[in-house]
1. For n ≥ 4 DSSP H runs only, could you compute -39500 (n - 2.57) per run for the chain, divide by its residues and tell me the 222 nm figure to the nearest 500?
2. Using the Kirkwood formula over every pair of different C-alpha atoms, what hydrodynamic radius in Å results for the chain?
3. Would you kindly state how much longer the chain becomes between Lys197 and Lys29 on full extension, computed as 0.36 nm times their sequence separation minus their alpha carbon distance, in nm to one decimal?
4. Roughly how big is the range 258-321's charge dipole about its Cα centre, with Cβ charges of +1 (Lys, Arg) and -1 (Asp, Glu), in debye to the nearest 20?
5. Using a 1.4 Å probe over the heavy atoms of the protein chains, calculate the carbon and sulfur portion of the accessible area of the range 1-88 as a whole percent.
6. What accessible area per residue, rounded to a whole number of Å², is obtained for the chain using a probe radius of 1.4 Å?
7. Quick one: if you stick a label point 7 Å off each Cα along the C-beta vector at Ile233 and Asp57, how many nm between them?
8. Taking N as the number of residues in the range 35-90, what is its Cα Rg relative to 2.2 N^0.38 Å?
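The values are calculated or read from the model by the stated rules, or taken from the named source; none is laboratory data. Keep in mind that what you see is a predicted model, and the values were worked out from it rather than measured. Note that we place each Cβ from the backbone using ideal geometry, even for glycine, and neighbour counts take in every protein chain shown. Protein only, heavy atoms only, side chains kept; ligands, DNA and RNA dropped before computing areas. Shrake-Rupley method; radii C 1.70, N 1.55, O 1.52, S 1.80 Å.
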Amino acid sequence: MIDKNKKLFHACVDVEVDEHGYRAKRFTKRQYEVYATKPWCCYPRCTAGVYMEFITDAEEISFDYYFSYLFFPQVIFDIFEDGVYMDFIREQDGSNSGHIVYRKKNPGKVCLKIYLPYNGETYISNINFGDFKTTKDRRERKLLVYGDSISQGLMGTHPCMSYVPLVADAIKADYLNLSVGGDLYDPEMLDPKVPFKPTVIIVALGANDLIFNGKYNSIKKNIENFFAKLRSIYPDAVINVITTIWQTDIENDDTEKARKKYELFKKMRAKIKKEAEKANCNVINGLEIMPHIPAYFTDHAHPNDLGFLQYALNVLRDLKY
């Protein structure tokens, strides 16, 4: 018997059910096995970009949530009605479980879209959506994103305001966000068996290579292998590559260590551009994406919600799809 509730979840490759409820998964079994060996193995479990969508005439809907992991304290569910951002529900910070109740703003049948928190492994249970109908991914354009914590949306506030869902809506695309906090240029992260066939791809990596690798020859090899493998898996997709964005401390620290980091930053960006162009990708200059103003960041590297709006607008200026 088909489990109707599994079809509620979008922007994922699978939905599992256990004693905690329904858990949407963004990655294949092989990818989870690869990430299990990484220091940032927790972040792939986050429901970044995942949303529930359904049509109902119930005046009030409800569900329970549970986090096996919650990496940042805010717990926010963003709610759309017929494509309009209508409300959000913010639970007590640090809450690892709770009960959500929402009363529709519009009468009659409404398409509700509920973004799950990006910062935890979210389980949904006790679903009470009335006599609801599920929706299908119906857009011809399919966007796949490979990125790090910035593309995952970490350090923002509202899950619907990170740049990936904003860009996807603007270009009218269904999407799968395979971004993971801590990720760097690593061909192991690419799995040809991901059950999602993109027409357009965004790659936005590089910041973590400076921290977790730090050696140019190794970074150089990883970038070369990454783009060669990516293009072999997706020979016909339009691939956009965002070179590493500006960081608030990248040019303003005059210590010798910071100067060396900045020189590596420049060499790495040049290598990304070279290999991306070699793989017939559209290159977007990351230094033109974010305002060079700390007020648009939550820390030295991660945009806040206002920064993500700028990120999305500026990506759309040069995005090919």
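1. Details: 6 runs with 74 residues, N = 321.
The per-residue figure over the chain is -7000 deg cm²/dmol.
2. 20.2 Å
3. 58.7 nm
4. Dipole of the range 258-321, to the nearest 20 debye: 500 debye.
5. Working: 2060 of 4010 Å².
Roughly 51 percent, rounded to a whole number.
6. On the way: 14310 Å² over 321 residues.
Heavy-atom accessible area per residue stands at 45 Å².
7. 4.5 nm
8. 1.46
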